[in-house]
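**Q** One structure, pasted below without further comment.
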Amino acid sequence: MNLKRRLGLLDVVSISSGAMLSGLFILPGLAYAISGPGVLVSYLLAGFLALTGMLSQAELTSAMPKAGGAYFFVSRSMGPSVGTIYGLITWLSLCLKSAMELFAVSVFAAVFVGSVMPGIAVVMCLLFLAINLFGVKEAGWIQTVLVFAVCAALAFYAFRGISQVNVNYFTPFAPDGLHGIVAGAGFMFVSFGGLLKVASIAEEVKDAGTVVPRGMMMSLAIIGVVYLCIIFITVGVVSPSWISGSVTPISLGAGEFLGSAGGFVFQIVAILSILTAANAGIMAASRYPLALSRDGLLPEIFSHINDRFNTPHISIVATGILIICSLFFKLEFIIKAASSVLILTYAFSCISIIIMRESRLQNYRPHFRSPLYPWVQIVGIFGFGVLLFQTGVTSVIITLVILFAGGFLQWYYGGIGVNKEFALLHLIERISERDYTDHVLETELKQIIHERDNISKDSFDHLIEECPLLDIDEPMGKEEFFDLVAESLTGRTGMKQTQIKRMLMEREQESSTVLSPFLAIPHVIIRGRGVFEVLIARSSSGIGFSEEFPCVHAVFVLVGTRDTRPLHLQSLAAIAQIFQDADFEKRWMRVKNEKSLRDIILLTERKRQT
């Protein structure tokens, strides 16, 4: 059972932005202890690397908007073994991030209750579990309200605080040099995990192929500006001894220029921001067990969708249990573990897009394409590697332990034995010129495109699915070609082979049916009623229709009775739209089998007749 598409652009921006805002209230003070005032550059570096991963994720999501987000991309590009490990560790990472945020709520709430009470985090987790169980649209609406309230408060913070900045607080700017800046960027990289959360709920977004990439870019741009402005002001108004290691840096800043009442208000704002991220985290993390279960890599129970609320209730509950268990770890450990795995997540996205593109899968058709490919991805992979190792030995050990645990769980459950086709096999097939696939992945991608673009088949689609197709290797003239066409159509039209050939030759003598050096559409009217047939032909060496057109590669033959003229005209219009696609000729000549040739026609964007 598929999830319903109920989220729009505003929901996507709110979920992504809200998930990233929480880091602003928790991490700057902790990152300052590593980087000093250079924490500003740390955020810039982390944001730049997040951009490389985001562009990759945006393309992959626009091509495959499915629940599970990056897990789905990785498993379809590198195989179920890698995908399962990746899905499990990403699920754990998002749960750890949500645990960090809920734990921080209890820290900020200490102002009101007098001491840190972990039970508050548990109660809030249960509350958001309930919200997510009732429906993603309801959770998205609450997210939007909270994000707007937090952004309004931060705008006021920036307006009042900019004039109070003390430039002396920025010296020395980078006490530990480049190492400290890079280490700080790795430590607080978890702040950009919100982009990952959007990818995981893409299946529930309306017009996901366009809306998700646009929402991801908008949220990264908004949050990037907010981070730099607010952190600049905070570092400039709070004494270094106070901000270093603080888990409430924004509240400290507000207290400096708004007084104790201002600090108190921003404690509340911080709680609201963190709650938006926790809500988004539960929503996103719960889609990973769902996706793994759909692929047979976790028990089937995780894929159950609630009939009343259309939510993956078992997966949501399991996610809540894992988050509550994570609350018992130390905050610094949670942050490092979440950041380390998120760094891996973005690196895997960069690798996945390279494999998907270089495999030249016919049905990999993203609405959004990452610019400057592959340089953006290469820079991202290298940068993420440096970032991971610069965060320290602890982070590397945590990453290795999590990878081992994910691999063990995947092996124990038996996921390695699951037979799933993936793009890396197609890439190896292309390089080695051997057959390793049955093109099952192409079929799955085709189905995803139908779901993504809400494609409803028309009469022409049904004709293409059932019509004869000739894939010709050797060069030939039109007479020899029409012999093959007549032989294929004689049983379908009730006419003799010689009659069909004669009519096609006569039609060609009246006026050429070649529309371009690449395409010809021979068409004739036959006697009778209710007959209309299409034949498709590809010639890799070319068909010689005349001296002017000696090498035609694509031919659509239309044969029908007079009463089927509307279908005849509809087919001509459809072929014209298909041929206008900029990549049609390249795709037509590149694919290897008949099924892929049909998919080129069936999946090319055009206006369908109802």
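**Q** When the Cα centres of segment 266-332 and segment 226-240 are compared, how far apart do they sit, in Å?
**A** Result: 32 Å between the Cα centres.
**Q** Greater than 18 Å separation of Cα atoms is the criterion. Which listed pairs, Lys66/Lys446; Lys66/Lys336; Lys66/Lys97; Lys66/Lys592; Lys446/Lys595, meet it?
**A** Those over the limit are Lys66/Lys336; Lys66/Lys97; Lys66/Lys592.
**Q** Quick one: which residues, 5+ away or cross-chain, put their amide H under 5 Å from the amide H of Thr311? H built at 1.01 Å from N.
**A** Counting only residues 5 or more places away or on other chains, the set is Asn306.
**Q** Pairs of alpha-carbon atoms within less than 8 angstrom and 6+ residues apart define the contacts here; what relative contact order does the chain have, in percent?
**A** It comes to 21 percent, rounded to a whole number.
**Q** Still on this structure, please answer the following. If a helix is a whole DSSP H run, which ones in the chain reach 24 Å or further along their own axis (Cα) and hold a mean Kyte-Doolittle hydropathy of at least 0.5?
**A** Span-like helices in the chain: 9-26, 39-63, 80-113, 118-134, 136-161, 208-237, 249-285, 331-358, 393-413.
**Q** For segment 191-280, report the translational diffusion coefficient in µm²/s to the nearest whole number, using Stokes-Einstein at 10 °C, 1.306 mPa s, and a Kirkwood Rh over Cα pairs.
**A** Here the translational diffusion coefficient equals 106 µm²/s.
**Q** Under a point spin-label approximation (7 Å from Cα along Cα-to-Cβ), what is the Asp483-Ile428 distance to one decimal in nm?
**A** 4.3
**Q** Scan around Phe329 for amide H atoms under 5 Å from its own, H built in the peptide plane at 1.01 Å from N, and keep only partners 5 or more places away or cross-chain.
**A** Close amide H contacts, sequence-distant or interchain: none at all.
**Q** Once you list every other residue whose beta carbon is under 12 Å from the beta carbon of Lys595, what net charge do they have if Lys and Arg are +1 and Asp and Glu are -1?
**A** -3
**Q** In whole Å, largest first, what are the principal axis extents of the Cα atoms in segment 455-603?
**A** Between the extreme Cα coordinates on each principal axis of segment 455-603 lie 40, 38, 24 Å.
**Q** With the convex hull built on the Cα atoms of the chain, state its orientation-averaged projected area in nm².
**A** Value for the chain: 30.8 nm².
**Q** Could you let me know the centre-to-centre spacing of segment 455-524 and segment 26-92, using Cα atoms, in angstrom?
**A** 51
**Q** Regarding segment 19-76, what are the three Cα extents along the principal axes, ordered largest first, in Å?
**A** Projected onto its principal axes, the Cα set of segment 19-76 covers 41, 19, 17 Å.
**Q** Within segment 422-495, which GluC sites (Glu not before Pro) sit in a loop by DSSP and count at most 16 neighbouring Cβ atoms inside 10 Å?
**A** Glu433
**Q** Also, I was wondering about something else. Run the reach check for Lys330 against aspartates and glutamates, Cα to Cα strictly under 15 Å, same-chain hits fewer than 8 apart removed. What comes back?
**A** Reachable aspartates and glutamates: Glu101.
Bear in mind these aren't lab numbers, they're just calculated from the coordinates by the rules spelled out. Worth saying up front: this structure is predicted, and the values here are computed from it rather than measured. Here Cβ is always computed from backbone atoms with ideal geometry, including for glycine, and neighbour counts include all displayed protein chains.
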